[in-house]
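Student: Right, I'll just put the structure down here and ask away after.
The values are calculated or read from the model by the stated rules, or taken from the named source; none is laboratory data. Remember, predicted model here, so these are calculated numbers, not experimental data. With ideal geometry, Cβ positions are generated from the backbone for all residues, glycine too; neighbour counts draw on all protein chains shown. Keep in mind that these areas ignore ligands, DNA and RNA; they rest on the heavy atoms of the full protein, side chains included. Shrake-Rupley method; radii C 1.70, N 1.55, O 1.52, S 1.80 Å.
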Amino acid sequence: MLITNFAGGEVAESLFGRVDLPIYQMSVRRLDNFFVIPTGGITRRSGTQRLGKLKGEARLIPFIVNNSLSFIFEVGAEYIRIWKNGNLLTNAGNPIEFLPTSDLPLYKKAQLSDIQYAQTYDSLYLVHRHYKPYVINWQGGDSFTLSSLAITGNAHKVPFEGQENYPGCVAIFNGRLILAGTTKEPQKIWASKVFEYTNFTYFDTVVSKSTQLKNPDLRVFSAKATKDSNILTSVTKDFTGIAHITDYYISGHKGIPNGTKVVSVTNDTMTLSNAVTVDKEDMVLSIHLWKNADSPTSEDYEEKEIINNVTSPAHAYSFELGSDKNDAIKWLAAAKDLIIATESSEWIMGENVTATNVQVQLHSRYGASSFQACLVGQAIVYIGSGGRSVKNYVYDYEERTYKSIDLTQAAAHLFAQSEAVDFDYTHVPVPNIFVTRKDGVVCTLLYDKNNGIAAWSKIVIGNGRIKNTVSTASVDGYDDVYFCVERQNAFYLEKLSKTAKVYLDSFSYFDADTQQGDYPGSSIYISEDDKLYELEALPDEYKDFSKKMYIGYPYESVVESLPVINDTRNEKKRIVSLLIRFLQSHLPFVSQCTQAEELPSETEPFDGVILVPVRSSFERDVFFKMRFAKPHGCTIVAVNADLA
């Protein structure tokens, strides 16, 4: 009978006894310092390699040029330094470093977690609500420049000017730089012109010239005309309100001589400068300010400029979320559409939005934390409101709608213990999401939506606390995972090792140049002799450094099962032993319930099945625990029960 193949990872105690759920035979109650294998089974994680000491507590931000060239920006309290392939960039032996100036103040320590960023090929855009938007430009090689974003726009309409008008959110979407969420306008979004990331021009002013009549006033009326009289009667319009009536000419009928002007008016009569030549009861006429109504002369015309503001689809645009809730924008994420997450909601801006067709729809009411989301595969992954959950937001092409899925539903305890504050992910060799908790533990999710895999485990670092996690592409084709680790009030850049099978945290080669004061309480592993000593207890025979040695901190890897419960449909109901299948492994200590640990006696590395008798009075269930502390690897494929 299968007890677990580990493919469900660590789950909450609320699932105890739920053998009716398929996940029960795939999960455990605790999984520390193991990774779940996509095909099932678990393997012990390697240690972390110490790459160097950070200047202080820092936010690590990746800059990925391509799969073979990546950088990490160490963004600390009022400084930015640059790492490349695990090495700090220097010039003449001094770190290459951006420091604050009067024009470019840099972030304070308490503000680092609120930085959001977006990258194009050669530019990294940084935003924070208390600072102007900044851009770090890659100049090729190891050269970078830092400057504020030189934003342009229409006169009196240039955004992001002034302390309360700096954006806190950023994304690149449909060829535009999208900025959002200022202190003054927390629900507003601005989009640049297409492929002009600093240009926030909402319209172009077009000036054209046209020839127009200087005085285009023309008024049509009718009146009674009497031959040889210069007075029109029964005038249908009252012109007494026109101050300069004598400037007007009159025309419209052949009975009015050319050049005739108005002499005076009453409310229903008009006196002309010439007598009319015909009798007509209802003569249609017009008065105007030029001599010939049918063909004004050139002196009656003038050139005029016409100014129009023209907006094309490619122009910049802005809009504000219209909501009856607190919809202060927390982050933007670009996928098929632009996902706009707020304190209480999720909004969707479609891919067809332009400056002449802005459409944004409220889609759901979940809410998010302020840590920036990112696209993992086809899903937006983000930290839920309050940091107590990790969710994804994915488009369902069958139902044609977005769905939010709680990835921590079966493992809610992980972030009830301590809130999530940071995360990043890898695609290769396996899709893993690394979520940093406030207490320094990293919760790792093996996540493959297409194959229905979502399995949690934890990284509990040896003698330290992880503050920040970041992933970059690597020259070997696999993604690298880096940590900012706090140890004894100092901070280090460490990489999760995937090639060097060294099972010490913060490890490095131990030789005569090692600064032993930077490793208080550490241990030394001599790989050739397979021996581990505390630093202070290292035998003299190794102090000549003739053998390859590593210095670092040991850590434990622990597996604890859910209650092992037999299916009552089995005829044989008593579990008599556990069958643990190992793959090329050193063996862990094994214990059951509250009994003492036992170490299986086999030649290591071992490949096969270990039978562990169940020493319990329980007839139908039992707990088991496996603990591994040796500096070696361990892969467990599955645990089965032998029934009698």
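Student: Could you name the lysines in cross-link range of Lys224, using Cα to Cα under 26 Å and dropping any fewer than eight places away on the same chain?
Tutor: The reachable lysines, counting only those whose Cα sits under 26 Å from Lys224, are Lys237, Lys254, Lys261, Lys280, Lys291.
Student: Cα-based count: Lys pairs in the stretch 372-499 below 14 Å, eight or more positions apart or different chains?
Tutor: Lysine pairs satisfying the spacing and distance rule in the stretch 372-499 number 6.
Student: I'd like to compare 605-614, 314-323, 5-14: which one has the highest average count of other Cβ atoms within 10 Å, and what's the full order after that? Please list the in-between numbers first.
Tutor: Numbers: 605-614: 14.9, 314-323: 16.9, 5-14: 21.4.
Final packing ranking: 5-14, 314-323, 605-614.
Student: Do any of Lys53/Lys548; Lys84/Lys188; Lys108/Lys184; Lys55/Lys132; Lys53/Lys547 go past 30 Å between their Cα atoms, and which?
Tutor: From the list (Lys53/Lys548; Lys84/Lys188; Lys108/Lys184; Lys55/Lys132; Lys53/Lys547), the Cα-Cα distance tops 30 Å for Lys84/Lys188.
Student: Determine the distance separating the Cα centre of the stretch 232-262 from the Cα centre of the stretch 132-175; give it in Å without decimals.
Tutor: Cα centroid to Cα centroid, the span is 64 Å.
Student: Taking the simple approach of a point 7 Å from Cα along Cα-to-Cβ for both Ile242 and Asp396, what is their distance in nm?
Tutor: The answer from the label model is 7.2 nm.
Student: While we're looking at this one, here's another question. Check Ile37: other-chain or 5+ apart residues with amide H under 5 Å from its amide H, H built from backbone geometry?
Tutor: Amide H neighbours of Ile37: Ile42, Thr43.
Student: Between Asn154 and Asn67, with labels modelled 7 Å along Cα→Cβ, what's the label distance in nm to one decimal, could you check?
Tutor: Result: 4.6 nm between the two label points.
Student: Using a 1.4 Å probe on the protein chains only, how many percent of the accessible area of the stretch 110-172 belongs to carbon and sulfur?
Tutor: Looking at the stretch 110-172 in its full context, I get 48 percent from C and S.
Student: Also: Once you list every other residue whose beta carbon is under 10 Å from the beta carbon of Tyr393, what net charge do they have if Lys and Arg are +1 and Asp and Glu are -1?
Tutor: +1
Student: Below 19 Å, Cα to Cα, which aspartates and glutamates can Lys543 reach? Residues fewer than 8 away in the same chain don't count.
Tutor: Answer for Lys543, where 19 Å is the Cα cut-off: Asp511, Asp513, Asp518, Glu528, Asp529, Asp530, Glu534, listed by chain and number.
Student: Something else about it: With θ set to phi - 60°, apply the Karplus curve 6.51 cos²θ - 1.76 cosθ + 1.60 along the stretch 165-175 and write out the HN-Hα couplings as whole Hz, x wherever there is a Gly or Pro.
Tutor: 3J(HN,Hα) across the stretch 165-175, in whole Hz: 10, 8, x, x, 10, 8, 7, 10, 8, 6, x.
Student: How much FRET efficiency would the formula 1/(1 + (r/R0)^6) give for His427 and Thr205, where r is the Cβ-Cβ distance and R0 is 45 Å, rounded to 0.05?
Tutor: Details: r = 47 Å, r/R0 = 1.04.
For His427 and Thr205, the calculated efficiency is 0.45.
Student: What whole-number distance in Å separates the alpha-carbon centres of the stretch 475-525 and the stretch 188-231?
Tutor: Spelled out, the Cα-based centre of one part sits 73 Å from the other.
Student: Follow-up question, since we're still on this one. Summing -39500 (n - 2.57) over the DSSP H runs of n ≥ 4 in the chain and dividing by its residue number, what mean residue ellipticity at 222 nm do you reach, to the nearest 500 deg cm²/dmol?
Tutor: On the way: 1 runs with 5 residues, N = 644.
The per-residue figure over the chain is 0 deg cm²/dmol.
Student: According to a simple spin-label model (label point 7 Å from Cα along Cα-to-Cβ), what is the distance in nm between Glu604 and Glu305?
Tutor: 8.6 nm
Student: Which of rounded, prolate or oblate describes the stretch 360-454 when judged by the alpha-carbon gyration tensor and an a/c cut-off of 1.5?
Tutor: oblate
Student: Can you list the aspartates and glutamates whose alpha carbon sits under 13 Å from that of Lys336, skipping same-chain ones fewer than 8 residues off?
Tutor: Excluding near neighbours in sequence, the set is Glu351, Asp396.
Student: Near Gly367, within a Cβ-to-Cβ distance under 11 Å, what is the net charge of the other residues, with Lys and Arg +1 and Asp and Glu -1? Mind showing how you got there, number by number?
Tutor: Working: positive: Lys325, Lys330, Arg365, Lys391; negative: Asp327, Glu343, Glu346.
Every neighbour counted, the sum reads +1.
Student: Now for a separate question. Tally Lys/Arg at +1 and Asp/Glu at -1 over every other residue whose Cβ is under 11 Å from the Cβ of Phe510; what's the total?
Tutor: Net local charge, Phe510 excluded: +1.
Student: Quick check: the distance between the Cα centres of the stretch 1-33 and the stretch 368-386, to the nearest angstrom?
Tutor: When both Cα centres are located, 26 Å separates them.
Student: Give the accessible area for Thr233 in Å² (nearest 10); use a 1.4 Å probe, count only protein heavy atoms, and leave out ligands, DNA and RNA.
Tutor: 50 Å²
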